[in-house]
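First up is the structure itself, then whatever we jot down about it.
The values are calculated or read from the model by the stated rules, or taken from the named source; none is laboratory data. A quick note: this is a predicted structure, and the numbers were derived from the prediction, not measured. Backbone-built Cβ (ideal geometry, glycine too); neighbour counts: all protein chains shown. Note: areas computed on protein heavy atoms with side chains; ligands, DNA, RNA excluded. Shrake-Rupley method; radii C 1.70, N 1.55, O 1.52, S 1.80 Å.
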Amino acid sequence: MRCREDKTTDDKISEISAADDRGIRRRFTSGHDRDTVYPRSMIASDKITYLDNNATTAIDPAVLETMRPFLEKYFANPSSGYRFAAQVRDAIEQAREQVAALLGCEPGEIVFTSCGTESNNTAFHSALETRPECKHVVTTAVEHSAVRKPAQELERHGYEVTVIGVDKSGRLSLRAVADAIRPDTAFVSVMWANNETGVIFPIEEIAEIARDKNVPLHTDAVQAAGKIPINLREVRLQFLSISGHKLHAPKGVGALYVNRRSRFHPLLVGGSHENNRRAGTENAASIVALGKAAEVALAKLPEEQTRVRNLRDHFEKALLEKTPNARVNGAGAPRLANTSSIMFDEIESEAALMMLDQENICCSAGSACRTGSLQASHVLSAMGLVNEQARGSLRFSFGRFNDDKDVDRAIEIVPRVIGKLRALSPAAVR
Ligand code: PLP
């Protein structure tokens, strides 16, 4: 009898196939990875109507082309002394310039990280370390969990956190920001654009307020970068976070802008990488990819903003015409051109997601399933939506690779799904 470890790949495939609820098995036999087994049948991306670009984006082919040699050929450790490594260092420096151009800052102000979450955590850490006497932090009620959770951690460690609310359109009051800042405020963290609703905050004005009060400002610009123009030579803030996978670079790379006049304390310590600001051997291929993605995003920004806005506006108009009792969350506030968060009466978004998934439409819910119960999104709750409204909201986010066909398909299928769900809802039965 063979022990578990002796099982052949074919045995494993059979087991996985049996477990797979669709009963389809798949073995990848190309290249070196002959024995890689994926536990589920893979759905080809060309079968998918992908309307979830705020969750992640497809890698741009130009980005993939640019990074490929750094995976295949130029694998040297950028810190090594020989010329083979110097060319990798050069490529990283070029990427730094490209990211700096997207953000309108100096290349020396860019620190590469592993993701937006790391960038946010690094900004928090640095701001607190440089102002140890300050035990108060200001943030908003609609931040991504990559800011919310670190802020909650601070509360556990004795900091006081002021969380500023928003109005029913998702707007932030500048007066509330000014009033929240105190002499003992260590830093303020306000996102540039919201990942769920696309609502854009007036970071330029918030930066002025923070500057007048002499308090560092961090902004989570993970959703804003590449979608709206950013010029940090004109907006005086201390830290800004971005993430590669939201702008058509791969997952696992991000960057933190650190104003050159700011004092800085690294979160990751060890080697002297990134000019002593982020230890750890650089993820060279992904950094090169992020650089290229930034370059492409900057070049395409005005044209794409208009094109994507047209897609999104057409989608919203047609959807609302075909679907009674639905409305756009954040309508009335300045919004990212690509994001559409829609509240539908009498549906559960998780059920809608499942039905849309069956139709190969990818989008997101305004709720999260936690331990079997649906929790309304904190963003929509902060905008005053009651639980049922937040739980009846869906987010559609468009991007570079969407076209009219995707929108037409969504306009045909989404109202049908909503209609079916409503027909099943207790309100309809009554
Ligand atoms: N901040 C915002 C606004 C986001 O939307 C996300 C990802 O969804 C993050 C931070 C986290 O970025 P990453 O996935 O690169 O850690």
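Structure notes:
- Filtering region 184-195 to residues that are surrounded by fewer than 23 Cβ atoms within 10 Å (Cβ to Cβ) and either within 16 Å of the ligand (Cβ to nearest atom) or in a loop (DSSP other than H, G, I, E, B) (or both) leaves only ASP184.
- Test: ARG171 is within 21 Å of the chain's Cα centre (by Cα), basic (Lys, Arg), on the phi < 0 side of the Ramachandran plot and not in a strand (DSSP E or B): yes
- Any hit, region 218-231, residues being away from the ligand (no atom under 12 Å from the Cβ), crowded, with 23+ Cβ neighbours inside 10 Å, under 20 Å from the mean Cα position of the chain (by Cα) and of a type in the set (A, V, I, L, M): yes
- So LEU240, is it touching a strand residue (DSSP E or B) at 6+ places or on another chain (Cβ under 7 Å), modelled with pLDDT of 95 or more and assigned to a loop (DSSP other than H, G, I, E, B): no
- Answer residue from region 196-213, given it is over 15 Å from ALA180 (Cα atoms) and assigned to a loop (DSSP other than H, G, I, E, B) and is nearest to the chain's Cα centre (by Cα) among those: GLU196
- Residue tally, condition within 16 Å of the ligand (Cβ to nearest atom) and open to solvent by 20 Å² or more (accessible area, probe 1.4 Å), over region 119-141: 3
Yes/no matrix, rows are residues, columns are (1) touching a residue at least 60 places away in the same chain (Cβ under 8 Å); (2) open to solvent by 10 Å² or more (accessible area, probe 1.4 Å); (3) within 16 Å of the ligand (Cβ to nearest atom):
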| residue | (1), (2), (3) |
| --- | --- |
| ASP60 | yes, yes, no |
| VAL63 | yes, no, yes |
| GLU72 | no, yes, no |
| GLY81 | no, yes, no |
| ALA91 | yes, yes, no |
| GLN98 | yes, yes, no |
| LEU103 | yes, no, yes |
| VAL111 | yes, no, yes |
| SER114 | yes, yes, yes |
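- Scanning region 377-401 for residues that are touching a Leu at 6+ places or on another chain (Cβ under 6 Å) and more than 20 Å from GLU321 (Cβ to Cβ) yields a total of 2.
- Options ARG409, ARG416, ARG400; residue that is basic (Lys, Arg), at pLDDT 95 or above and part of a loop (DSSP other than H, G, I, E, B): ARG400
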